[in-house]
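A short reminder: the numbers here are calculations on the coordinates, not readings from a lab. Note that the structure is predicted; figures quoted are calculated from it, not measured. Backbone-built Cβ (ideal geometry, glycine too); neighbour counts: all protein chains shown.
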Amino acid sequence: MKKLLMGNHTVSWGAMLARAQVIAAYPITPQTQIVEELATLCAEGKAKAQFIKVESEHSALASCIGASAAGARAFTATSSQGLALMHELLHWAAGARLPIVMANVNRAMAPGWNIWTEQTDSLAQRDTGWIQFYCENNQEILDSIIQAYKISETVSLPSMIVLDAFFLSHTTEPVEIPPQELVDKFLPPYKPQYKLDPKEPHAFGGLSSTEYYYELRYKIQKAMERAKEVIEETDEKFNQIFERKYGLIEEIETSDAEVILVTSSTITSTARFVTEQLRKTGKKIGLLKVRVFRPFPSSEIRDALSNCEKVAVIDRNISFGSGGIFASEIKSAIQKMGKQPVIFPFIAGLGGRDITVPQIEEMINYTFENAKPKEEILWRGLKYENI
Amino acid sequence: MKISDEEILNPGHVACPGCGAALSMRFALKALGRDTILVIPACCWSVIDGPFPYSSAGIPVFHMAFEAAASTAAGVKAGLLAQGNTHTSVVAWAGDGGTFDIGIQALSGTAERNADIIYVCYDNEAYQNTGIQRSSATPYLAWTTTTPVKFPKQEQKKDIVEIMAAHRIPYIATATVAFPEDLTKKFIKAKSIKGTKFIHLLSPCPPGWKSKDQDSIKISRLAVKSRVFPLIEIENGEKYKITVNPKPVAVKDYIRLQGRFRHISDENIEQIQKNVDRNWEKLLKKTEG
């Protein structure tokens with residue numbers, strides 16, 4: 001069944017189809033419709049979940065942590081300031097090895113108040129131990145939520161499904177809604193190895209001295225490394241049932257490309273159009289979409305970039321004092337390559353400013369025309385240098 | 001009133017000698033039974049339970065961040081309900097810092113939603129676990145490491161029970177281990193009621209109160225007798241009842257056993273006595289409905 005759904009409602013439907021048993025969420029623009037739709041779906045009995053309408057995002061994640069520790073499938077959704085408020089508990093959820101799934105609508109951090117899209121909110125949480133998926137369209141959101149539960153429950157780490165504010169959250173697209181029985185076949189009920197159970201009492205998360213803590217962290221990294229394979233296996237199983245797959249990354253005409261453009265989220269859609277047009281003019285341009293940011297698909301990216309000379313990375317985010325975060329990760333990933341491509345680190349579209357077709361064309365042309373970037377950070381679309 | 005002979009709390013916990021919080025847990029678990037899950041935020045009990053891989057509680061324990069006891073416990077309850085478990089009691093067990101201060105938002109939200117949990121605040125009247133810093137539960141003029149003798153706590157203790165009463169939750173009680181039958185009855189009653197239950201335990205702390213290890217029960221008893229800490233119940237935020245009302249003693253008798261008040265004058269004690277008397281009168285009026 002195809003249904004016209006806005007990105008936010010797609011998130012809610014994904015959580016319902018995944019049979020989330022406990023939902024705890026707090027409203028924040030531009031995520032609000034996720035909470036509203038879930039409240040409606042629960043009230044109508046379509047979603048059978050305990051819905052805790054909490055007083056803050058911190059409590060939203062705390063309740064999900066409690067529910068997940070008790071053995072239930074838990075879901076939450078937030079954005080920007082809300083995600084930042086959850087920061088402490090993002091660490092807790094991963095450290096407690098709980099397979100919670102959340103949606104985060106990418107929104108710029110204040111001040112000044114800005115509700116438009118930017119990836120800094122979620123990328124700033126990259127060290128918390130959450131698997132992160134950056135979605136390009138609404139279908140991918142729905143499918144990624146369903147996949148994420150399976151992945152998270154396999155490796156015992158939480159997952160964050162990330163979507164752009166407005167460009168996805170408020171954009172209506174046709175979405176294929178899989179039948180519940182097929183989703184159930186793909187994603188059986190959650191059966192945790194350990195849970196809070198008075199019949200088998202354990203203490204979780206207690207004082208861990210220098211004797212044990214180190215190994216607990218080591219195991220989180222190992223689980224993240226394993227997650228890469230599990231993401232690919234899960235994607236393949238999903239493909240067998242639903243005939244859609246996404247991968248850790250997606251390559252478009254990269255094999256003979258001299259320049260490869262790297263994008264994530266909805267910028268990828270614009271970039272698909274631009275690269276297609278430029279290909280027609282004979283430019284050897286390829287496109288690499290990074291879907292999974294944690295675990296970072298370093299080896300897959302190295303393979304994808306192995307034949308090109310230059311790589312243009314568009315970051316709609318910034319780590320102040322360093323630069324674009326995807327570019328920084330890619331620079332780190334290519335260190336293992338014999339012949340490394342030159343990285344062109346573009347920043348564009350912060351705070352939801354449009355990244356247009358001509359801008360992407362210009363970035364690609366700049367990369368073709370220059371042997372190396374002329375500046376440490378290639379800012380694009382700045383209007384007022386002295387505001 | 002029979003208190004269960006079954007010991008659920010195991011020996012080997014790492015509480016200080018004379019710890020009111022350890023004894024409180026022992027009696028609370030006797031009343032609650034084994035079909036109970038504990039959520040413990042940062043507090044003395046995150047240490048007392050024992051370091052990984054040990055746990056002394058004898059029932060499942062989920063350790064949680066400082067400000068999140070109530071919302072986590074509500075999540076545990078929801079998780080159990082989602083799996084069809086309606087019988088297990090979920091107890092948030094937090095100190096005064098995690099309740100009066102950093103955890104009050106989650107507690108207020110959870111109480112407003114009337115989540116079906118028992119929230120226990122064992123109140124040792126300061127951040128004892130970090131080395132005795134003042135909290136909003138620290139009494140007027142008490143010494144702590146952040147309210148030194150030359151500038152002791154200038155503010156009155158926050159009235160957490162009235163704050164919880166304003167949420168109109170079905171059940172609120174105060175208790176101390178000096179009156180174990182009263183404490184036991186209250187935990188059994190809390191377990192039988194649906195919705196948010198709040199139990200405020202006064203919990204002497206010998207290192208923090210600068211009192212003798214062997215005086216914890218005596219001090220608890222004097223707290224009640226002096227009416228510094230009346231033993232009450234409140235139903236639905238409006239039906240007040242004094243559950244134990246022994247012959248009163250002077251506040252001075254309570255205060256003089258504690259080194260944290262050593263610096264205060266007889267005039268100061270008079271002032272505290274007046275506050276206590278006024279609070280008692282107010283309480284009596286409330287019990288009259």
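Each residue of segment A:201-218 was assigned a 3J(HN,Hα) from its phi angle through the Karplus expression (A = 6.51, B = -1.76, C = 1.60, θ = phi - 60°), giving x, 9, 9, 10, x, x, 3, 10, 6, 4, 6, 10, 4, 3, 5, 4, 5, 4 Hz with x at Gly and Pro. In this structure, the amide hydrogen of residue A:5, modeled 1.01 Å from its nitrogen in the peptide plane, lies closer than 5 angstrom to those of A:173, A:175, counting only residues at least 5 positions away or on a different chain.
For segment A:64-202, what D do you get in µm² per second when you plug the Kirkwood radius from alpha-carbon pairs into Stokes-Einstein at 10 °C and 1.306 mPa s?
So the translational diffusion coefficient is about 101 µm²/s.
How far is the Cα center of segment B:94-123 from the Cα center of segment A:16-89, in Å? Segment B:94-123 and segment A:16-89 have Cα centres separated by 20 Å.
Seen from all directions on average, the protein assembly as shown presents a Cα convex hull projection of 33.4 nm².
Between residue A:269 and residue B:268, the simple spin-label model (points 7 angstrom out along Cα→Cβ) gives 6.8 nm.
Projected label points at residue A:48 and residue B:188, each 7 Å from Cα along the beta carbon direction, are separated by 3.7 nanometres. At most 10 other Cβ atoms within 10 Å plus a DSSP loop assignment makes a site exposed; report the longest stretch of chain B without any exposed trypsin sites (Lys or Arg not before Pro). Counting at most 10 other Cβ atoms within 10 Å as exposed, the longest clean stretch of chain B is B:3-149. The dipole here belongs to segment B:20-287: it is taken about the Cα centre, uses +1 on the Cβ of Lys and Arg and -1 on the Cβ of Asp and Glu, and is about 540 debye. Say we join alpha carbon atoms closer than 10 Å with springs in a Gaussian network model of chain B; which of B:117, B:132, B:102 then has the biggest fluctuation? Most flexible of the set in this elastic network: B:102. Normalised by 2.2 N^0.38 Å, where N is the number of residues, the C-alpha radius of gyration of segment A:318-376 stands at 1.23.
Using a 10 angstrom Cβ neighbour count of at most 16 plus a DSSP loop assignment to flag exposed chymotrypsin sites (Phe, Trp or Tyr not before Pro), which longest range of chain A is free of such sites?
A:1-112
Here, chain B is characterised by an Rg to Rh ratio of 0.95, where Rg is the alpha-carbon radius of gyration and Rh the Kirkwood radius. Between residue B:114 and residue B:140, the FRET efficiency from the beta-carbon distance, with R0 = 30 Å, is close to 0.40.
Calculate, in whole percent, how much of the Cα-Cα pair population of segment B:214-289 lies beyond 18 Å. Counting pairs separated by more than 18 Å, the tail of P(r) holds 44 percent. The calculated 222 nm mean residue ellipticity attributable to helices in chain A amounts to -12000 deg cm²/dmol, summing -39500 (n - 2.57) over DSSP H runs of n ≥ 4 and dividing by all residues. Each label was represented as a point 7 Å from its Cα along the Cα-to-Cβ direction; for residue B:2 and residue A:377 these points are 7.3 nm apart. Looking at segment A:200-282, the GluC sites (Glu not before Pro) that sit in a DSSP loop and have at most 16 other Cβ atoms within 10 Å of their own Cβ are A:211, A:243, A:253, A:258. The slack between residue A:214 and residue A:277, meaning 0.36 nm per residue of separation minus the straight C-alpha distance, is 17.6 nm.
The convex hull around the C-alpha trace of segment B:147-234, projected and averaged over every direction, spans 6.8 square nanometres.
In a simple Cβ point-charge model (Lys, Arg +1; Asp, Glu -1; nothing else charged), the protein assembly as shown has a dipole of about 1840 debye relative to its Cα centre. How far, in nm, would the chain grow between residue B:162 and residue B:34 when pulled straight, counting 0.36 nm per residue and subtracting the alpha carbon separation? Here the answer is 43.0 nm.
One way to sum up the overall shape of chain A is the equivalent ellipsoid from its Cα gyration tensor, whose semi-axes run 35, 23, 21 Å, largest first. Once the Cα atoms are used to define both axes, helix A:57-69 deviates from the longest principal axis of chain A by about 60 degrees. For residue B:39, the residues whose amide H sits under 5 Å from its own are B:62, B:91, B:92, B:93, ignoring neighbours fewer than 5 places away on the same chain, with H placed 1.01 Å from N. Net charge near residue B:100, counting Lys/Arg +1 and Asp/Glu -1 over other residues with Cβ under 10 Å of its Cβ? Counting the neighbours of residue B:100, the net charge comes to -3. Computed from Cα positions, the angle between helix A:7-17 and the longest principal axis of chain A comes to roughly 40 degrees.
Potential lengthening of the chain between residue A:320 and residue A:335 amounts to 3.2 nm, from the contour at 0.36 nm per residue minus the alpha-carbon distance. Across segment A:244-250, rounded Karplus estimates of 3J(HN,Hα) from the backbone phi angles (6.51 cos²θ - 1.76 cosθ + 1.60, θ = phi - 60°) give 9, 8, 10, x, 6, 9, 10 Hz, Gly and Pro being marked x.
In the elastic network of chain B, a GNM with C-alpha springs shorter than 10 Å, the most mobile of B:114, B:268, B:129 is B:268.
Across chain A, the mean sequence separation of Cα contacts (distance under 8 Å, 6 or more residues apart), normalised by length, yields a relative contact order of 16 percent. Result for chain A in a Gaussian network model with C-alpha springs under 10 Å: among A:108, A:371, A:96, the largest mean-square fluctuation is at A:371. Positive-end ranking of A:155, A:141, A:169 along the dipole of segment A:121-204, with charges on Cβ about the Cα centre, is headed by A:155. What share of Cα pairs, in percent, lie more than 17 angstrom apart in segment A:239-387? Percentage above 17 Å: 60. Looking at chain B, the DSSP beta bridges with both ends there are about 30 percent antiparallel.
Measuring from centroid to centroid over Cα atoms, what is the spacing of segment B:211-289 and segment A:334-373 in Å? Spelled out, the Cα-based centre of one part sits 71 Å from the other. Note on chain B: helix-only mean residue ellipticity at 222 nm, from DSSP H runs of 4+ residues weighted -39500 (n - 2.57) and normalised by residue number, equals -10500 deg cm²/dmol. Computed about its Cα centre, the charge dipole of segment A:2-242 is approximately 580 debye, with only Lys, Arg, Asp and Glu carrying charge at their Cβ. In chain A, a dipole from Cβ-located charges (positive for Lys and Arg, negative for Asp and Glu) runs towards its positive end, and of A:322, A:131, A:308 it is A:131 whose Cα lies farthest in that direction.
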